[in-house]
Amino acid sequence: MASAIAGAPPVNSFSESHARGRRLVDSIATVMLWAAAISVIGMLILFVVYLFVQGASAISWHFLVGYPSAADAGGGVGPEIFNSFYVLILTLIFTVPISVLAGVYLQEYAGPGRFRELVQFSAESLATVPSIVMGLFGLIVFVSLFHWHFTALGGALTLTLLNLPTMMRVTQEALSGVPATYREASMALGATKWQTVLRAILPSAIGPLTTGVVLVSGRIFGETAALIFTAGASVSYGASAYDFNPFHTAETLAVHLYSTQREALVPDAAQIANGSALVLLVMVLIFNVTARLVGRQLTLRFTGKAP
Amino acid sequence: MVEPLDPKPSALKSKMRVADLDVYYGAFQAMKHANLDVPERRVMALIGPSGCGKSTFLRALNRMHDLTPGARVTGSVTLDGNDIYAPGVDPVAVRHRIGMVFQRPNPFPKSIFENVVYGPKIHGEGNSKRLAEICEKSLRAAALWDEVKDRLNRSALDLSGGQQQRLCIARVLAVEPEVILMDEPASALDPIATSKIEDLIGQLTKDYTVIIVTHSMQQAARISDFTTFFLLGDLIEVGTTSDIFTRPTDKRTEDYITGRYG
Amino acid sequence: MVAVRANKAHREERIALGFLMTSSAIFVLAIALIIGFLAYNGTLLFWHDHVSLPAFLFGTDWDGFGGKFGAAPFIAGSLLATGFAILIGGPLGVAIGLFFSELAPERVAATFKPAIEVLVGIPSIVYGWIGLTLLVPFIAKVFHAEGDGLLAAGIVLSIMILPTVISLSEDALRVVPNSLREGSAALGATRWETMSRVLIPAASSGLAVAVILGIARAIGETLAVQLVLGNAAVMPSSLLLAASALTSEIVMDMGDAPEGSAFRHALFSMALLLLLIAMGLILLIRFALRKRT
């Protein structure tokens with residue numbers, strides 16, 4: 001290394017060739033890390049392109065709104081898409097209020113103590129439950145115990161349990177981003193804690209909160225394992241397929257992909273599966289993009305600041 | 001513009017020479033046309049009010065600005081006549097010969113032993129006996145050996161602030177540099193730890209050239225042989241410490257010395 | 001006037017507090033019920049159908065309808081698939097986390113990160129479908145085998161856990177103070193030497209958490225695994241032969257197992273086992289973290 005500065009007498013007791021080796025290792029490591037990152041991006045591009053190539057031919061207006069077919073080719077996934085949204089909305093109706101209230105409680109109200117620890121621990125434990133296990137819980141309680149059999153409501157309640165922890169974390173993060181000065185200012189004006197939360201804190205957290213809700217919605221939309229045994233994997237045929245009754249079976253698009261590739265009763269099962277996979281992917285992309293855009297807009301509107 | 005000042009008697013060799021050094025952070029010029037001779041095996045103090053660029057100057061001397069995105073350095077810095085900024089020079093090699101101690105002690109979360117031998121290990125020393133020798137030698141040179149010799153395998157983070165800083169100095173010494181740069185090494189320490197560090201610096205000049213940034217004029221007066229004064233990115237004046245403090249040539253230096261601005 | 005308004009506000013406050021605490025209590029109730037119901041249904045096999053625990057855990061004979069409930073093939077399959085996944089996904093995820101925290105310039109990170117978010121969002125059934133229609137035929141061609149099995153499952157799982165491992169690794173590395181990076185550089189270390197000798201050890205507890213959470217995610221994954229594993233209820237003997245996992249078996253046969261049958265109870269027992277493993281991993285993290293601080 002001494003001779004890297006040309007002409008200088010070597011002062012140190014370590015060799016120069018070792019320095020060249022170290023430089024080489026450093027360069028190789030840098031290249032490999034870049035390669036790792038690029039390969040993952042490349043893989044994503046591969047998946048997206050693959051799904052588009054495979055599924056594009058299946059997409060048609062009829063596919064998107066038509067009824068599935070029991071035995072013939074040419075079935076659609078209209079009711080399944082409807083069910084996906086329906087179950088999603090139902091799930092959000094339960095999940096959002098409970099999670100936001102609990103998140104507000106933990107973040108703004110609860111002092112350190114046993115109840116707080118218990119709730120935090122419960123949320124963490126709830127988050128560890130695998131989705132298939134949650135689905136079985138739904139099976140035990142809603143399908144068997146309540147004798148509902150397969151229902152959209154049963155599916156939604158199961159998904160609620162699955163997503164409560166995530167949504168609560170979203171709430172807590174959104175709330176922690178609100179500057180302490182908002183709280184202080186509000187309380188100094190004589191507002192109660194609840195008034196402060198409702199009128200000052202939640203509105204300024206609305207951006208990250210909405211982003212989180214939309215992102216979680218994307219995951220709910222694609223959920224399968226928890227729904228197969230709660231909302232059902234069977235296909236209804238005919239006009240009764242578009243159904244607002246929460247106590248009816250509701251096979252979602254994701255579950256439909258599963259049952260189609262598994263049973264393959266219709267001759268064009270592969271094509272239907274490809275089309276369903278593509279629709280699911282496109283929905284995920286839409287949810288992701290919407291989450292960012294909406295979050296940004298709301299933050300601008302309610303706080304006047306860019307996020 | 002300041003001429004390259006030669007403050008020392010001609011008997012003293014110049015270890016490092018800085019010529020026309022400019023440092024930019026983006027569009028902001030933090031150091032303008034600095035020129036300086038650093039005498040060998042002496043302590044050179046860099047003083048000036050906060051924001052004057054003394055740390056910027058110091059970091060240019062071991063190419064630490066290479067690590068800051070957006071920083072740009074022009075000019076030359078030579079060590080024994082060789083420009084460390086010449087094309088093809090490996091900054092890693094530069095830092096082997098010019099070491100640095102930082103304002104806040106920054107020991108690695110490893111044992112005391114592992115901290116000290118970090119440098120030698122990187123440079124290829126694998127022999128455990130030799131490493132133990134280097135460890136003891138460096139810790140003795142840093143006046144820390146007696147305090148830690150029985151707990152070399154304990155975490156460095158268990159040491160007090162002053163001990164951690166001496167450990168960081170030992171760590172630098174283990175690499176066997178020729179120049180040691182110190183960026184306000186005692187400013188985060190209590191007075192007792194500070195005086196230990198100052199005593200240590202006095203010992204170091206037997207083997208090393210020391211350049212130390214300090215915000216305390218009293219410290220500069222206590223421990224340095226030469227002093228350089230900076231103001232707002234300009235190198236104003238350099239001279240022997242006693243000259244600078246008793247009969248500075250530039251009025252700005254005098255204003256600073258007499259406490260006109262802090 | 002002020003007093004009346006204050007009273008109303010205080011009443012409002014108390015009602016609100018009631019709702020807040022109830023919502024929080026729902027979390028506690030939920031996990032308690034889940035554990036309770038699963039513990040009950042998951043142990044029926046043992047005290048109602050008189051299957052012994054060792055026979056269940058270590059028996060290699062499985063025939064749901066035939067009354068044989070040795071779940072070892074599934075346990076082994078889950079463990080091997082997960083092990084394989086973390087073997088690939090762990091180092092790769094940490095490497096990319098390292099990339100984001102140390103190497104990537106702002107603009108590159110800003111393009112790559114949304115891409116990782118898309119990877120997270122892809123539903124597991126879609127991963128399974130891609131695995132089944134793209135990866136399995138590929139493996140079949142390259143290795144002259146059927147294509148399904150532990151290799152396929154391991155690869156698919158490793159991709160699925162990557163985002164988790166990447167983001168947690170990156171967080172763990174970013175928390176390491178910059179002063180350590182500077183200190184190492186000032187001692188003449190190359191960037192890789194700083195990364196490998198200082199940063200990774202300093203972030204080790206956070207990286208361990210990243211890996212453990214990756215494991216937890218992999219072991220609970222159902223659909224992707226079911227589509228590519230092959231679903232043969234035999235002890236796994238090769239990466240290229242069809243195998244089965246706890247999750248895939250449950251989703252495969254739960255629909256067919258008659259209600260009240262020992263078969264169904266056995267599947268619930270597998271679900272209970274999964275729950276215990278997943279919770280166990282998270283408790284491990286909790287206590288590992290506690291020890292560090």
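Quick look at the numbers
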item	result
Which listed residue, of A:178, A:143, A:119, is closer than 27 Å to residue C:271 by Cβ and free of Cβ contacts under 8 Å to residues at least 60 places away in the same chain	A:119
Complete set of residues in region C:6-50 that are of a type in the set (Gly, Ala, Ser), at pLDDT 90 or above and farther than 20 Å from residue A:99 by Cα	C:36, C:39, C:42
Single match in A:63, A:47 (criterion: within 10 Å of chain C (Cβ to nearest Cβ), under 26 Å from residue A:85 (Cβ atoms) and surrounded by 14 or more Cβ atoms within 10 Å (Cβ to Cβ))	A:47
Total residues in region C:160-196, condition of a type in the set (Gly, Ala, Ser), within 12 Å of chain B (Cβ to nearest Cβ) and surrounded by fewer than 23 Cβ atoms within 10 Å (Cβ to Cβ)	2
Residue C:117 vs. criteria touching a residue at least 40 places away in the same chain (Cβ under 8 Å), within 8 Å of another protein chain (Cβ to nearest Cβ) and surrounded by fewer than 20 Cβ atoms within 10 Å (Cβ to Cβ)	yes
Of all residues in region B:100-129 being more than 11 Å from chain A (Cβ to nearest Cβ) and among the small types (Gly, Ala, Ser), the one that is farthest from residue B:216 (Cα to Cα)	B:128
Test: residue in region B:85-99 that is more than 9 Å from every other protein chain (Cβ to nearest Cβ), farther than 30 Å from residue B:159 by Cα and out of contact with any His (no Cβ under 7 Å at 6 or more places or on another chain)	yes
Helices (runs of 4 or more DSSP H) enclosed by region C:1-113 - at least 2 residues per element that are basic (Lys, Arg)	C:2-47
Condition check for residue C:157: more than 12 Å from the chain's Cα centre (by Cα) and either surrounded by 24 or more Cβ atoms within 10 Å (Cβ to Cβ) or within 30 Å of residue B:65 (Cα to Cα) (or both)	no
Residue selected from region A:98-142 under the condition in a loop (DSSP other than H, G, I, E, B) and within 24 Å of the chain's Cα centre (by Cα), by the criterion surrounded by the most Cβ atoms within 10 Å (Cβ to Cβ)	A:129
Residue tally, condition under 22 Å from residue B:241 (Cβ atoms), more than 12 Å from the chain's Cα centre (by Cα) and not β-branched (Val, Ile, Thr), over region B:32-80	12
Test for residue A:88: is it under 20 Å from the mean Cα position of the chain (by Cα) and assigned to a helix (DSSP H, G or I)	yes
Test: residue in region A:225-232 that is in contact (Cβ under 8 Å) with a residue 60 or more places away in the chain and of a type in the set (Val, Ile, Thr)	yes
Unique residue being surrounded by 24 or more Cβ atoms within 10 Å (Cβ to Cβ) and within 14 Å of another protein chain (Cβ to nearest Cβ) when the list is C:77, C:128	C:128
Residue match in region B:214-221 (condition: farther than 28 Å from residue B:147 by Cβ and of a type outside the set (S, T, N, Q))	yes
Any hit, region C:250-271, residues being under 23 Å from the mean Cα position of the chain (by Cα), within 18 Å of residue C:86 (Cβ to Cβ), within 12 Å of chain A (Cβ to nearest Cβ) and surrounded by 19 or more Cβ atoms within 10 Å (Cβ to Cβ)	no
Of the criteria (1) within 16 Å of the chain's Cα centre (by Cα); (2) within 24 Å of residue B:25 (Cα to Cα); (3) surrounded by fewer than 19 Cβ atoms within 10 Å (Cβ to Cβ), which one residue B:228 fails	(3)
Subset of region A:254-272 [free of Cβ contacts under 8 Å to residues at least 24 places away in the same chain and not hydrophobic (A, V, I, L, M, F, W, C)]	A:260, A:261, A:262, A:263
Any hit, region C:220-234, residues being crowded, with 23+ Cβ neighbours inside 10 Å, without any contact (Cβ under 8 Å) to a residue 40 or more places away in the chain and either more than 15 Å from the chain's Cα centre (by Cα) or farther than 24 Å from residue A:42 by Cα (or both)	no
Options C:199, C:241, C:283, C:289: the member that is within 11 Å of chain A (Cβ to nearest Cβ) and either more than 30 Å from residue B:173 (Cα to Cα) or out of contact with any Phe, Trp or Tyr (no Cβ under 9 Å at 6 or more places or on another chain) (or both)	C:283
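For every residue, the table says whether it meets (1) within 8 Å of another protein chain (Cβ to nearest Cβ); (2) outside any strand (DSSP E or B); (3) not basic (Lys, Arg).
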{"position": "B:36", "(1), (2), (3)": "no, no, yes"}
{"position": "B:65", "(1), (2), (3)": "no, yes, yes"}
{"position": "B:72", "(1), (2), (3)": "no, no, no"}
{"position": "B:76", "(1), (2), (3)": "no, no, yes"}
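The values are calculated or read from the model by the stated rules, or taken from the named source; none is laboratory data. Predicted model, so just to flag it, every value in this text is computed and none were measured. Note that we place each Cβ from the backbone using ideal geometry, even for glycine, and neighbour counts take in every protein chain shown.
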